[in-house]
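Student: Submitted below is the structure of interest, expressed as structure tokens.
Throughout, read-outs are computed from the coordinates displayed, never taken from laboratory work. Because the structure is a prediction, the values reported are computed rather than measured. FYI the Cβ positions are ideal-geometry reconstructions off the backbone, even for glycines, and counts take in every protein chain you see.
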Amino acid sequence: MLEYGLRFLAGGIAVCAFAALGDTLRPKSFAGLFGAAPSIALATLLLTLSQKGAPFVALEGRSMILGAFALALYSWSVCVLLKNFLLSSWTATMAALIVWFAVALGASAALFQLS
Amino acid sequence: MIVQFKPSALRQTRWYEYLVRFVLGGAMTVVAGLIAARFGPVIGGLFLAFPAIFPASATLIEKHVRERKEKAGLPGVRRGKEAAALDAAGAALGSFGLAAFGLVIWLMIVQSPAWALVFAAASWLAVAVLGWHVRRWL
């Protein structure tokens with residue numbers, strides 16, 4: 001329970017810190033880089049490292065590469081939905097989640113058999 | 001185009017908007033840990049790059065820009081969407097930095113955990129910023 005309390009605290013602080021940094025930067029396209037900051041990874045990897053060991057974290061890192069490419073396609077989809085279809089941000093970001101799940105889980109199944 | 005740092009922009013964000021980000025970020029970190037514990041590191045690692053707070057952030061950007069434009073007597077709806085779209089385009093470029101972060105962790109963490117984290121964070125920043133500059137040159 002303590003572990004998950006620490007994860008919550010560390011994740012919340014890391015996400016807020018990167019988001020606040022993004023808020024202060026212009027132009028918006030540069031600030032957007034911080035929307036894909038490794039906030040959750042940084043918050044969670046140290047805890048995972050101490051509890052499960054480095055080989056476990058290495059496998060997480062390998063999967064994170066696929067997750068990141070899924071995030072790139074997700075973000076691009078959001079951009080298209082906002083610019084070309086003029087959806088609201090909430091609708092566009094929620095609708096595009098299907099892209100993230102399809103790419104991340106599909107690529108993982110193809111490359112690693114979801115092992 | 002020069003990158004500018006504007007700390008005054010922080011005043012535009014209300015306290016409850018920070019709270020939403022904190023709770024979403026904390027909750028997603030817990031969920032990522034639970035998924036890794038239940039399904040293993042292959043699936044768990046994917047969720048280290050899940051766009052957990054992206055919907056909230058994009059909605060806030062759209063809202064802030066719309067309010068600022070409407071306050072100045074300008075139509076703000078379209079501008080708000082364009083600002084959120086620009087942020088998403090930046091996040092797409094930043095994702096390549098996140099992939100570099102994962103790559104360094106994968107290749108280095110077993111040999112040298114501390115240096116792996118330092119190099120991974122540096123790789124994320126370098127690849128993301130380089131990607132942004134390359135995109136501007138093209």
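Student: What number results when the radius of gyration of region B:9-114, computed over Cα atoms, is divided by 2.2 N^0.38 Å?
Tutor: My calculation over the Cα atoms of region B:9-114 gives 1.37.
Student: So if R0 is 25 Å, what FRET efficiency would A:Gln51 and B:Ser112 give, r being the distance between their Cβ atoms, rounded to the nearest 0.05?
Tutor: The formula returns an efficiency of 0.85 here.
Student: So, one more: Within 10 Å of each Cβ of A:44-51, how many other protein chain Cβ atoms are there on average?
Tutor: Rounded to a whole number, the mean comes out at 5.
Student: Sticking with this one: Test of the criteria: in region A:48-110, which trypsin sites (Lys or Arg not before Pro) are in a DSSP loop and have at most 12 other Cβ atoms within 10 angstrom of their Cβ?
Tutor: none
Student: On to the next question. How many Cβ atoms of partner chains, on average, are near each residue of B:109-122 if near means within 10 Å of its Cβ?
Tutor: 4
Student: Right, another one. Any idea what diffusion coefficient region A:1-100 gets from Stokes-Einstein, in µm²/s, Kirkwood Rh on alpha carbon pairs, 4 °C, 1.567 mPa s?
Tutor: 85
Student: I need the peptides B:119-129, B:21-31, B:95-105 ranked by packing, meaning the mean over residues of other C-beta atoms within 10 angstrom, with the highest value on top.
Tutor: Ranked by mean Cβ neighbours within 10 Å, highest first: B:95-105, B:21-31, B:119-129.
Student: Across the residues of B:70-76, average count of Cβ atoms on other protein chains within 10 Å?
Tutor: 0
Student: A follow-up question, please. Measure nothing fancy, just the Cα-based angle from helix A:54-84's long axis to the longest principal axis of chain A, in degrees from 0 to 90, nearest 10.
Tutor: Helix A:54-84 sits roughly 10 degrees off the main axis of chain A.
Student: Ok, one more. In whole angstrom, how long is each semi-axis of the equivalent ellipsoid of region B:1-71, when you take the square root of 5 times every eigenvalue of its Cα gyration tensor and sort them from largest down?
Tutor: 32, 14, 11
Student: By how many degrees, between 0 and 90 and to the nearest 10, does the Cα long axis of helix B:54-71 differ from the longest principal axis of chain B?
Tutor: So the inclination is approximately 20 degrees.
Student: Roughly what would the spin-label model give for B:Arg79 and A:Ile98, points 7 Å off Cα along C-beta, in nm?
Tutor: Taking the two extended label points, one gets 3.3 nm.
Student: Cα to Cα, under 20 Å, and not fewer than 8 places away if on the same chain: which lysines meet these conditions relative to A:Lys83?
Tutor: Partners within reach: A:Lys28, B:Lys63, B:Lys69, B:Lys81.
Student: Now a separate question. Work out, step by step, the length gained on full extension between B:Ser8 and B:Arg38: first 0.36 nm times the residue separation, then minus their alpha carbon distance; give nm to one decimal.
Tutor: So the extension gain works out to 6.5 nm.
Student: May I pose another question? Efficiency by 1/(1 + (r/R0)^6): what FRET value for A:Leu9 and B:Val129, r their Cβ-Cβ distance, R0 = 25 Å, to the nearest 0.05?
Tutor: Efficiency for this residue pair is about 0.30.
Student: A further question follows. If you average the alpha carbon positions of region B:64-138 and of region B:1-40, how far apart do those two centres end up, in angstrom?
Tutor: About 14 Å separates the Cα centre of region B:64-138 from the one of region B:1-40.
Student: Further question: Once both axes come from the Cα atoms, what is the angle between helix B:113-137 and the longest principal axis of chain B, in degrees from 0 to 90, rounded to 10?
Tutor: Roughly 40 degrees, rounded to the nearest 10.
Student: Using a 7 Å offset from the Cα along the Cα-to-Cβ direction at both B:Ala122 and A:Gln113, what is the distance between the two label points in nm, to one decimal?
Tutor: Output for this residue pair reads 3.8 nm.
Student: Next question. Just need the relative contact order of chain A here, percent rounded to a whole number, with Cα pairs under 8 Å and 6+ apart.
Tutor: Averaging sequence separation for qualifying contacts and normalising by length gives 19 percent for chain A.
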